[in-house]
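All remarks here apply to the structure that follows.
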Amino acid sequence: MAYDGVLDDVRRAIALEIPERLPVFACSEEFDVAWYGKYTYEEVCQDGRKMAEVWIATIEEFGYDWAWLQVDDCFEFEPLGVGTKGSGNILRATKDYLPATQETLDNLRIPDPNRDGRMPEKLKAIRLVREHFGDSVLIEGSCAAPYSSVGLLFGLDNTMVLAATEPELLQRACDFFVDLQSRYIQAQVEAGAHAIWIGDCNAFSGMLSLAQYRKFAFPSCKRLVEQAHKHGAIVHLHNSEIVPQYLLAEAELGVDIVNCGPAADMEEVAKVLRGKVCFSGNLDPIEVLMRGTPERVASEAERLVNLCYPAGGYVFNTGEMNPRDVPAENMYAMVKAAREASRRL
């Protein structure tokens, strides 16, 4: 349930303190649209009023402490000429990537987030949700980190090849996206977002060695984090990471919150990250939330809270996107159990 102290509690967690009330998040937008049942996902992702309608209704129904307006990964890339595909309840994804050349990069221009593509609709949704809830939920916009942005521009395979064959071109492309994503972050903050979810899943440990991560993904992401902070945003990073050494590297970016992937050992993560950076996660959205019983969901939520909350620097979240087929009773069980477990501590 929305409450007036949520921003203070998030800031306490970021300061590595124990929030007075544990903020409970869920990467639930796919589930939310399906539960609401009035529109397809493709209809929602094109219309800011429908986005706001769905997010407001589900926050009030399930009691999330945030509005996660990530929506899909394509907003920044469609105006650049990247092809995308989505239909019905299948989320849009990038396709028909641009040639991985300097000529392509030279011809790119930073779109205007207030005018170009679907981004004005997302900004409309942020404004409407902020008008409805004020500061009683954490309103979180999103963008892709620079390295992942290059993967969404050129294709992941071509981007990984560039690291070996044309690292200077890869760096210049990352530099372009520091500027582009900084502008998109600014527009979302001006529309009313308190925080920005920066996704960098193309830089996950299953894709890059730690040395490669530090060389190719880390520097530009750090610059983007600095820009986001200049615009006044809380930065919530998600690489879907599960390896403690990579999570420690992410903490060095200066982000405010690191979200942990669903396969991370949270006991180990808590030991490694505690006292270094606020972290969130990592209830498994498939094996537990979608396929489990309400009792199993509640038990796992309680386990995570008991493990991570008492020492401070933690907010509850799922480890990844919650599928549309999650039973509603499981979502109720998760939120209720996380909240009640934190009150007992």
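The values are calculated or read from the model by the stated rules, or taken from the named source; none is laboratory data. Treat the numbers as computed from the prediction; the structure is a model and nothing was measured. Cβ coordinates were reconstructed from backbone atoms using ideal geometry, including for glycine residues, and neighbour counts include every protein chain displayed.
Does residue 229 count as touching a residue at least 24 places away in the same chain (Cβ under 8 Å), buried (at least 23 other Cβ atoms within 10 Å of the Cβ) and under 19 Å from residue 313 (Cβ atoms)?
Considered against the rule, which asks whether it is touching a residue at least 24 places away in the same chain (Cβ under 8 Å), buried (at least 23 other Cβ atoms within 10 Å of the Cβ) and under 19 Å from residue 313 (Cβ atoms), residue 229 comes out as no.
Could you pull out the residue among 252, 295 that is within 20 Å of the chain's Cα centre (by Cα), surrounded by fewer than 21 Cβ atoms within 10 Å (Cβ to Cβ) and either over 28 Å from residue 91 (Cβ atoms) or of a type in the set (Phe, Trp, Tyr) (or both)?
Residue meeting the stated conditions: 252.
Hey, any hits in region 67-75 for a residue that's in contact with a Ser or Thr (Cβ under 7 Å, 6 or more places away or on another chain), crowded, with 21+ Cβ neighbours inside 10 Å and not in a strand (DSSP E or B)?
Yes; the residues of region 67-75 include at least one that is in contact with a Ser or Thr (Cβ under 7 Å, 6 or more places away or on another chain), crowded, with 21+ Cβ neighbours inside 10 Å and not in a strand (DSSP E or B).
Looking at this structure, is residue 239 buried (at least 23 other Cβ atoms within 10 Å of the Cβ), closer than 27 Å to residue 171 by Cβ and either at pLDDT below 95 or polar (S, T, N, Q) (or both)?
Criteria met by residue 239.
Hey, can you tell me all the residues within region 175-214 that are in a helix (DSSP H, G or I), among the polar types (S, T, N, Q) and in contact with a strand residue (DSSP E or B) (Cβ under 7 Å, 6 or more places away or on another chain)?
181, 188
Check region 157-174 and report whether any residue there is over 30 Å from residue 135 (Cα atoms), at pLDDT 95 or above and not in a helix (DSSP H, G or I).
Yes, some residue in region 157-174 is over 30 Å from residue 135 (Cα atoms), at pLDDT 95 or above and not in a helix (DSSP H, G or I).
Residues 34, 26: which one is part of a helix (DSSP H, G or I), in contact (Cβ under 8 Å) with a residue 24 or more places away in the chain and of a type in the set (Gly, Ala, Ser)?
The match here is 34.
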